[in-house]
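Chemist: Can you read through this structure? Questions will come right after.
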Amino acid sequence: MKMLILIFFASILTNNIALTYFLGMCPFIAISKNTKAASGMGMAVTYVMVITAIVNYSIYSFVLVPMGLEYLSFLIFIIVIAGIVQVLEMLVERFFPVLYVSFGIFLPLITVNCAILGLSLFMILRDYSFLEMVFYSLGSGLGWWLAIVAMAGLRRTLMLSEPLESLGDAGITVILAGFMALGFFGFSGILPV
Amino acid sequence: MTYLFSLMVMNGLIVLILVLLILIKRYIAVYDDYSVTINGDMEITVHGGQTIVSSLTQSKIFLPSACGGKGTCGLCQVKVVEGLTDPLSIEEAVLPYKDIIEGKRLGCQTKVRGDMKIEVPEEYLSVKEYRGSISNIVTLTHDINRFDIDLIEPKEIDFKSGQYVVVEPIPGETRAYSIASIRRRREKISLEVKKIPNGICSTYLHALKEKDELNFYGPYGDFYLRKNDHKVVCVAGGVGLAPMKSIIDEVINEHQGRRVELYYGARTIDDMYDYEKYISMTGKHENFKFYPALSEVEEVLHHPTGFVFDTGFINNEIASKLKNGDDCEAYLCGPPVMIDFSIQTLRDKGVPEERIFYDKF
């Protein structure tokens, strides 16, 4: 139980997938302009992460490993992620139109979001059990969510200031992300995972 | 063996995902029907979840597009008056901020997710509003009148034989009537209106007098004569004869050598009109055949010229008279029951499905 809680908080804070591994950067920068959209995106990523992790984990341990087809994991994971994003897109469009509008074109982008594929590959590498994997994926999703919402908050403040024009919109965002990563780096001592 | 396994696993997974997607699309992510009002005067019912462009296209309103619905050319923009949703990021990229604030959206991107009111540039609509004045009223049967209407504004109408116009005698109450005049005369149209007991519009129309003005929209409809060499089979029930008039005229006068047969059903001879004209036409045009049938008459009727009015429903008439069904193109207009039975008979006769056109009312 202690291990599960450790993995959960480590994936949010010390091993934050956006700010430690710098994965999922395209939506992290593109959709962090306002807090509402950022929060929606974070929610979508969390949802997709948990579901794809569970499905990928099941396929990996119940189909690929027994058949000795581990080398297919890369391909299979991508196909599963693509399929699940499609499903999510259809359901969100039907039942949460406001969220869908705020996603815009970025929801399909989750399909090629490296954070999600990265998560599936990490969980295999780290040899997690099923429960550990669930906590890990949930924590990673929430961590990404936290990071993008924090970034959106920073960028709202940024609108009031006048950064160098040459840095543009994306440039200053990447610099901000770097500062945030340094901030998250400070967590690294508190958890032994 | 390993290769076989890996192929099986990959393909199985893909099929599984596809089945899942189809099931969700079919049974879970299902939309209701919504109404979309265009420019305040036309209302269409739209199955939700599709774009404005595709829903308007179904109603024969074509918005221009140079990019095929990708949201880059910006030609298909419409103004959303009611039911406005937040702009998508594509729209924010293409449309100026000022337009977005005013409610402009891209028709190819904005989807119908509720009742909407939109405004579309008038020139995009091939459909026009016409104003005409009634020049002549002819009583055809005890409940059917023909209204000849001279066009006032615009002065000419260009329509395809078989199309209909929508009349709006009372605001908000619209009815569709087939154009019962021939296509070559563009400065006037005729409508044949059957009086429906307690019908608001038909009662109103039947109360009109000569010189009264009438507004209508049109032409509409994909029920129109196709240009090819197949024999035209017109099946009309009662006032369903109206669109057949221009179809028959066009076939005889504009399509050289094309044959046309008219199957015309009504309950009694009192419900039938203009048959004298078609009886005399059979003598003049060898490409034209006329087969009337009366459903509520016991004995076969003989016209003074020797022409026979069979008894029975019109589909029986088709079954006994139509030959070489596979070379026919059928146009049906009349009550739904008549159309359903006649389509069945036409299929049995070998008329291809894609060459059966009908207009139910």
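Bear in mind these aren't lab numbers, they're just calculated from the coordinates by the rules spelled out. Treat the numbers as computed from the prediction; the structure is a model and nothing was measured. Using ideal geometry, Cβ is built from the backbone for each residue, glycine included, and neighbour counts are taken over all protein chains shown.
Chemist: Give me the percent of DSSP beta bridges within the protein assembly as shown that run antiparallel, rounded to the nearest 5.
Modeler: 60 percent
Chemist: Can you give me the Rg/Rh ratio for the protein assembly as shown, using Cα atoms for both radii and the Kirkwood formula for Rh?
Modeler: With Rh from the inverse mean 1/r over Cα pairs, Rg/Rh is 1.16.
Chemist: To continue, here is another question. In the range B:95-174, which GluC sites (Glu not before Pro) are in a loop and have at most 14 other Cβ atoms within 10 Å, using DSSP for the loop call?
Modeler: Values: sites: B:Glu102, B:Glu119, B:Glu122, B:Glu123, B:Glu129, B:Glu156, B:Glu173; in loops: B:Glu156.
Listed in order of number, the matching sites are B:Glu156.
Chemist: Residues of A:88-100, mean number of Cβ from any other protein chain within 10 Å of their own Cβ, rounded to a whole number?
Modeler: The per-residue average across the peptide is 3.
Chemist: Once the Cα gyration tensor of the range A:144-193 is found, what semi-axes does its equivalent ellipsoid get, as square roots of 5 times the eigenvalues, in whole Å, sorted largest first?
Modeler: With the √(5λ) rule applied to the range A:144-193, the semi-axes are 25, 12, 8 Å.
Chemist: With 10 angstrom as the radius, rank A:Ile116, A:Ile110 by how many other C-beta atoms surround their C-beta, starting from the fewest. Present the calculation step by step, with values, prior to reporting the outcome.
Modeler: On the way: A:Ile116 31, A:Ile110 26.
So the ranking, lowest neighbour count to highest, is A:Ile110, A:Ile116.
Chemist: Would you mind ranking B:Leu225, A:Leu72 so that the residue whose beta carbon has the fewest other beta carbons within 10 Å leads the list?
Modeler: Values: B:Leu225 27, A:Leu72 20.
Placing the least packed residue first, the sequence is A:Leu72, B:Leu225.
Chemist: I'd like to compare B:24-32, B:177-185: which one has the highest average count of other Cβ atoms within 10 Å, and what's the full order after that?
Modeler: So the order, starting with the most tightly packed, is B:177-185, B:24-32.
Chemist: Work out the charge dipole of chain B with +1 on the Cβ of Lys and Arg and -1 on the Cβ of Asp and Glu about the Cα centre, then indicate which of B:Val235, B:Pro335, B:Ile152 is farthest towards its positive end.
Modeler: Of the options given, the answer is B:Val235.
Chemist: Assigning unit charges at the beta carbon (Lys, Arg +1; Asp, Glu -1) and nothing else, what dipole magnitude in debye, to the nearest 20, does the protein assembly as shown show about its Cα centre?
Modeler: Here the protein assembly as shown has a charge dipole of around 1140 debye.
Chemist: For the range B:91-188, report the convex hull volume of the alpha-carbon atoms normalised per residue, in Å³, without decimals.
Modeler: Roughly 171 Å³ of hull volume per residue.
Chemist: Give me B:Glu210, A:Glu162 ranked fewest to most by other Cβ atoms within 10 Å of their Cβ, as a rough exposure proxy.
Modeler: A:Glu162, B:Glu210
Chemist: How big is the range A:26-184 by Rg and Dmax over its Cα atoms, in Å?
Modeler: My reading of the Cα-based Rg and Dmax gives 17.2, 58 Å.
Chemist: Shielding of B:4-11 by partners, i.e. mean partner chain Cβ atoms within 10 Å per residue? Intermediate results must be reported in sequence, preceding the final value.
Modeler: On the way: counts 0, 6, 8, 0, 2, 8, 5, 0.
If you average over the peptide's residues, the count of other-chain Cβ atoms is 4.
Chemist: On to the next question. Could you tell me which helices of chain B pass both thresholds, a Cα extent of 20 Å or more along their own axis and a mean Kyte-Doolittle hydropathy of at least 0.0, with helices taken as whole DSSP H runs?
Modeler: Once both thresholds are applied, what remains is B:2-23.
Chemist: How high is the relative contact order of chain B, given as a whole-number percent (alpha carbon pairs under 8 Å, six or more residues apart)?
Modeler: Relative contact order of chain B: 11 percent.
Chemist: For the range B:231-360, state the semi-axes of the equivalent ellipsoid (square roots of 5 times the eigenvalues of the alpha-carbon gyration tensor), sorted largest first and rounded to whole angstrom.
Modeler: 20, 18, 13
Chemist: A follow-up question, please. About the Cα centre of chain B, what is the dipole size in debye to 20, counting +1 per Lys and Arg Cβ and -1 per Asp and Glu Cβ, all else neutral?
Modeler: Magnitude of the dipole: close to 780 debye.
Chemist: Under a Cβ-Cβ cut-off of 14 Å, what is the net charge of the residues other than A:Glu89 that fall near it, where Lys and Arg count +1 and Asp and Glu count -1?
Modeler: Values: positive: A:Arg94, B:Lys25, B:Lys111; negative: A:Glu93.
It works out to a net charge of +2.
Chemist: Here is a further query. Counting only DSSP beta bridges with both residues in the range B:166-278, what percent are antiparallel, rounded to the nearest 5?
Modeler: Beta bridges within the range B:166-278, antiparallel portion: roughly 50 percent.
Chemist: While we're looking at this one, here's another question. What do the square roots of 5 times the Cα gyration tensor eigenvalues come to for chain B, in whole Å, largest first, as semi-axes of the equivalent ellipsoid?
Modeler: Working through the eigenvalues yields semi-axes of 44, 30, 18 Å.
Chemist: Within 10 Å of each Cβ in B:105-113, how many Cβ atoms from other chains are there, averaged over the peptide?
Modeler: Mean number of neighbouring Cβ atoms from other chains: 1.
Chemist: Further, regarding this structure: So which GluC sites (Glu not before Pro) in the range B:291-339 are both in a DSSP loop and have at most 16 other Cβ atoms within 10 Å of their Cβ?
Modeler: Sparse-neighbourhood loop GluC sites (Glu not before Pro): B:Glu296, B:Glu298, B:Glu299.
Chemist: Hydropathy first: keep DSSP H helices in chain A averaging at least -1.0 on Kyte-Doolittle, then drop any whose Cα extent along the axis falls short of 24 Å, and list what survives.
Modeler: Once both thresholds are applied, what remains is A:35-59, A:73-95, A:130-160, A:168-185.
Chemist: Here's a follow-up. Using Cα-Cα distances under 8 Å and only pairs 6 or more residues apart, what relative contact order does the range A:56-132 have, in percent?
Modeler: Relative contact order for the range A:56-132 comes out at 33 percent.
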